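Presented below is the structure to which this report refers.
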Protein chains: 2
Amino acid sequence: MKIGYLVIGSEVLDGKISDTNTKLLAEFLKISHLEIHQSMVARDEKTTILEALKVLFDKCDLVVTSGGLGPTKDDITKETLAEFFGAKISYSEKAHQVAETNYKRFDRPFPGKDHGYSYLPENFIPLNNATGFAPGFFTEQNGKFLFSAPGVPREFKSMLEEHLLKLISSKLDQSVVLGTVIVRTKKVPEEKIFGEVDPTLWDKLEKFGEVSSLPILMGVDIGVKIKAKSHSELAEKVSGVKAVIEASPIKSAVWSYGPESLEERIVTVANHKKIRFGFAESATGGLCSNRITNVSGSSQCFMGSIVCYDEKVKEHILGVSAKTLEECTAVSIKCAEEMAHGLKEKLSVDIAISITGFAGPGGGNDKFPVGSVCIGKAKNGHNSAESFHFKGDREILKQRFSQAALHVLLEELENFA
Amino acid sequence: MKIGYLVIGSEVLDGKISDTNTKLLAEFLKISHLEIHQSMVARDEKTTILEALKVLFDKCDLVVTSGGLGPTKDDITKETLAEFFGAKISYSEKAHQVAETNYKRFDRPFPGKDHGYSYLPENFIPLNNATGFAPGFFTEQNGKFLFSAPGVPREFKSMLEEHLLKLISSKLDQSVVLGTVIVRTKKVPEEKIFGEVDPTLWDKLEKFGEVSSLPILMGVDIGVKIKAKSHSELAEKVSGVKAVIEASPIKSAVWSYGPESLEERIVTVANHKKIRFGFAESATGGLCSNRITNVSGSSQCFMGSIVCYDEKVKEHILGVSAKTLEECTAVSIKCAEEMAHGLKEKLSVDIAISITGFAGPGGGNDKFPVGSVCIGKAKNGHNSAESFHFKGDREILKQRFSQAALHVLLEELENFA
């Protein structure tokens, strides 16, 4: 089944927000071994939406749209879809009921017959929206499916989960089993992996499926998309991919085979080993802590952090010596060591990680220009630190600093006795 | 000039990453009063890319592509574009030089004539890439422009800034002046603004330009896109929009007219008033601090934070009383007050904001179910706290909690004597 996705919303093309629904839809479809064939973003203009619908329906069996279902004047999705299908819009008892239910859930009175939500193109089915007001809808015409949901990510996601698979189940191919192995490597550039470290790796992996290579923060994700006729054949091919990696010199750079993120892996390992940790964050300004606390279950292993943006906080809360701050400055190996040590004592954690550096645009010196970061660690009475250098703007540098710090933490967790 | 944007990369359609380049391109174009007419995402497959190019070039004068320019086998943008234009690829002295320069910048030897970067379709111009290895390129054929850059956001952005406007300047209309006013409101739902608070607002604003309404975290951004014949006419229309808002009952919900984010506004106000602040973060786990430290200049006003995820950190570092934790629990008005008070003392800040709540999926009780948050503030010896309730999953709740906390902080900063 070919699936097209149409994001309706001038706000995306105007740069007010980034589209995150494509990722939600792709992740949702992946579970059922489906994928987005093509996606488009259209402005809230009838002509553009009609053109995009034509392009997508020409190629695809199912078109998912999001956005433009709200109550304001720029929300024109419903009338445009009606025009596309040559359908009349009229009052629908069922649409009225669905909208009323959505409103009741939020203890708000529904205006009733007068409200646009009570009107629907003929042959459209209104869909309950468990997390918002605007109903979605679905139609099957000439063997093609249309599924429309609001653009608010929470609502889009809940409507996919509640409705989509049920509505298209009749057309799903149950005979193919798909899977993906993601080989997550760190610290070796993409070009070096396939050019120097293991020049035959790509070809060896391609025997198991479609290979892709995606540079991510401080590493490369090598993906192998596998098709199989049965679950046992899939498992066999997955093992084959892993065997290729285990026999390759790239093995030492691999930190995960799963789709799990670095922060998820950290929480898994720390909870399994019952290790408690925390951060002394200067240059990352709370980002390491934020990433870890995005993971459900992190409260078992993450005790807390001290975001020591100002030197006084480094000195008075973490106990970094005035001498170190004076002689070595706050961005130094020594300061990073003392920060980690101070945090370990203050929070009574097993492992403390510290981050101090220059994320720019200001700051920096000859030894440590903007992009430099010192990352310290303290455990069992051993304190040490190392420095790294990255390129990028402020937010990218914060991301890279946090990635480096989390990789240091993961190594410590894995080696922790 | 109609502009189309083609994102080339299966990783976006597979949900591995969200596309953020559309936002970068839109923000870049806005400065020159240009906008993206249409955007598409295509997989790294020749047929799909060719179809997408056809759709975009049919409508647009300029097509920007990103992605698929790297050295791996799934990078097929260049050969696909050559096929689209019916151009032969051959060795290019100029392309060789550009690639060699990119490599030299990173102190890496360029393999030379053997490398794919030295080859270019006829009539294509290679473009320097100041932040990466892969060169971009440009061509003008039959009155239409093509601009191709790598997909890595940093490289894409720097190539836009270095090249794009120069290359298309001959076709830019200099006779129209465009501008946008963004009226940023908080705490009133979209429907209520235009339905109850001021039912004539939309029509009144529409006299000045195209109106849009975008629900964002805890608020709504009302945008008015203005076209004018001169800068003075533009200024007049901008004043007109502001006058409509100032005379409307929605005025009390407006917190900014600018495009600036909540965290940027906070840093601006705090630095202007020389106020120092910090956070005691439990449920937001570092997110408030991270958002503030994304803003350049935050080091003047943001002292630091204590991320007190574990109760022991609340008790031992912030001095929340054991009695409060025992009798009221950690998610309570009383605990939020004590956290804010403790932080203010510890960090010697003018304003301390605390956040404690249940982001889920676990936790919560009858009084404060998952989605509840208590936000405290401490200043000049006054401590207080209030509770809020939101819906969403863990990451969305953290976002909403942080938005509520930052709005509390902004109000405190604006009222601070």
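What are the semi-axes of the equivalent ellipsoid for the stretch A:262-415, taken as the square roots of 5 times the Cα gyration tensor eigenvalues, largest first, in whole Å? Before the final figure, lay out each step's value.
Numbers: eigenvalues 110, 61, 31 Å².
Equivalent-ellipsoid dimensions as semi-axes: 23, 18, 12 Å.
Only bridges whose two residues both fall in the protein assembly as shown count here: according to DSSP, what percent of them are antiparallel, nearest 5? Write down the numbers at each step before the final one.
Working: 96 of 148 bridges.
Bridges in the protein assembly as shown that DSSP calls antiparallel: roughly 65 percent.
Would you calculate the volume per residue, in Å³, of the smallest convex hull containing every Cα atom of chain A?
Cα-based convex hull of chain A, divided per residue, equals 188 Å³.
For an R0 of 51 angstrom, estimate the FRET efficiency from the Cβ-Cβ distance between B:Asp107 and A:Tyr91 and round to the nearest 0.05.
Working: r = 70 Å, r/R0 = 1.38.
Taking R0 as 51 Å, the efficiency between B:Asp107 and A:Tyr91 is 0.15.
For the peptides A:399-408, B:32-41, A:363-372, A:202-211, what is the packing order when you average, over each peptide's residues, the other Cβ atoms within 10 Å and list the highest mean first?
A:399-408, B:32-41, A:202-211, A:363-372
Antiparallel DSSP bridges in chain B: what percent, to the nearest 5? Display every interim value, and only then the final one.
Numbers: 44 of 70 bridges.
Of all bridge pairs located within chain B, approximately 65 percent are antiparallel.
If the reach is capped at under 16 angstrom between alpha carbons, list the lysines near B:Lys54, excluding any in the same chain fewer than eight residues apart.
By straight Cα distance, B:Lys54 reaches A:Lys54, A:Lys59, B:Lys2, B:Lys46, B:Lys78, B:Lys144.
Please report, for B:Thr20, the nm distances (one decimal) from its label point, 7 Å out from Cα along the beta-carbon direction, to the equivalent points in the remaining copies, shortest first.
Values, ascending and in nm: 1.2.
With the Cα gyration tensor of the stretch A:3-171 giving a ≥ b ≥ c as the square roots of its eigenvalues, does the rule (a/c under 1.5 for rounded; else a/b larger than b/c for prolate; else oblate) give rounded, prolate or oblate?
Numbers: a/c = 1.32, a/b = 1.29, b/c = 1.02.
Here the stretch A:3-171 falls in the rounded category.
Assume the label is 7 Å from Cα along Cα to beta carbon: what separations in nm does B:Gly362 have to the matching positions in the other copies?
With the label placed 7 Å along Cα→Cβ, B:Gly362 yields 4.3 nm.
Calculate the mean, over all residues of peptide A:24-31, of how many other protein chain Cβ atoms lie within 10 angstrom of the residue's Cβ.
Numbers: counts 2, 2, 8, 3, 1, 3, 2, 0.
That average works out to 3.
How well do other chains shield peptide A:278-289, expressed as the mean number of their Cβ atoms within 10 Å of each residue Cβ?
Details: counts 4, 2, 0, 7, 3, 1, 4, 13, 17, 7, 3, 10.
Going residue by residue through A:278-289 and averaging, the value is 6.
In this model, which of B:Lys73/B:Lys171; A:Lys344/B:Lys377; B:Lys192/B:Lys344; A:Lys314/B:Lys30; B:Lys273/B:Lys334 are farther than 31 Å apart at the alpha-carbon?
Where the Cα-Cα span goes over 31 Å, the pairs concerned are B:Lys73/B:Lys171; B:Lys192/B:Lys344; A:Lys314/B:Lys30.
What shape does the protein assembly as shown take by its C-alpha gyration tensor, where a ≥ b ≥ c are the square roots of the eigenvalues and a/c under 1.5 counts as rounded, a/b above b/c as prolate, and the rest as oblate? Kindly include the intermediate steps, with their values, before the conclusion.
On the way: a/c = 1.41, a/b = 1.10, b/c = 1.27.
Judged from the Cα gyration tensor, the protein assembly as shown comes out rounded (a/c under 1.5).
Tell me the angle of helix A:46-59 to the major Cα principal axis of chain A, expressed in degrees between 0 and 90 and rounded to the nearest ten.
90 degrees
Provide the gained length on full extension for the span B:Arg154 to B:Lys229, in nm with one decimal, where the gain is 0.36 nm per separating residue minus the Cα-Cα distance.
Result for the pair: 23.5 nm of gain on full extension.
What whole-number distance in Å separates the alpha-carbon centres of the stretch A:248-297 and the stretch B:91-170?
First find each Cα centre; the distance between them is then 36 Å.
Taking chain B as a Gaussian network, where each spring joins two C-alpha atoms under 10 Å apart, which residue of B:Ser170, B:Ser261, B:Ser282 fluctuates the most?
Highest fluctuation among the options: B:Ser170.
Please give the average number of partner chain Cβ atoms lying within 10 Å of the Cβ of each residue in A:118-128, rounded to a whole number. Provide the component values of the computation, followed by the final result.
Working: counts 0, 0, 0, 0, 0, 0, 0, 0, 0, 0, 0.
The shielding value for this peptide is 0.
For chains B and A related by rotation, which residue of B has the Cβ nearest the axis, and what is the rounded distance in Å?
Closest Cβ on chain B to the axis mapping it onto A, in Å: B:Gly286, 2.
On a 0 to 90° scale, report how tilted helix A:93-105 is relative to the longest principal axis of chain A, with both axes built from alpha carbons and the result rounded to the nearest 10.
30 degrees
Using Cβ contacts closer than 10 Å as the measure, can you line up B:Arg184, A:Arg291, A:Arg265 from fewest to most? Intermediate values should be presented prior to the final figure.
Values: B:Arg184 22, A:Arg291 25, A:Arg265 19.
The most exposed by this proxy come first: A:Arg265, B:Arg184, A:Arg291.
Using the 7 Å Cα-to-Cβ label point, sort the distances from B:Ser175 to its equivalents in the other copies shortest first and give them in nm to one decimal.
Ordered by increasing distance: 6.2 nm.
Mind ranking B:253-260, A:190-197 by how tightly packed they are, going by the mean number of other C-beta atoms within 10 angstrom, highest first? Before the final figure, lay out the partial values.
On the way: B:253-260: 16.2, A:190-197: 17.8.
Descending mean neighbour count gives A:190-197, B:253-260.
Values quoted throughout were computed directly from the atomic coordinates according to the rules given, and no laboratory measurement underlies them. Please read these numbers as outputs of a predicted model, since none were measured by experiment. Because the Cβ atoms are built from the backbone with ideal geometry, glycine has one as well, and the counts that use them run over all protein chains shown.
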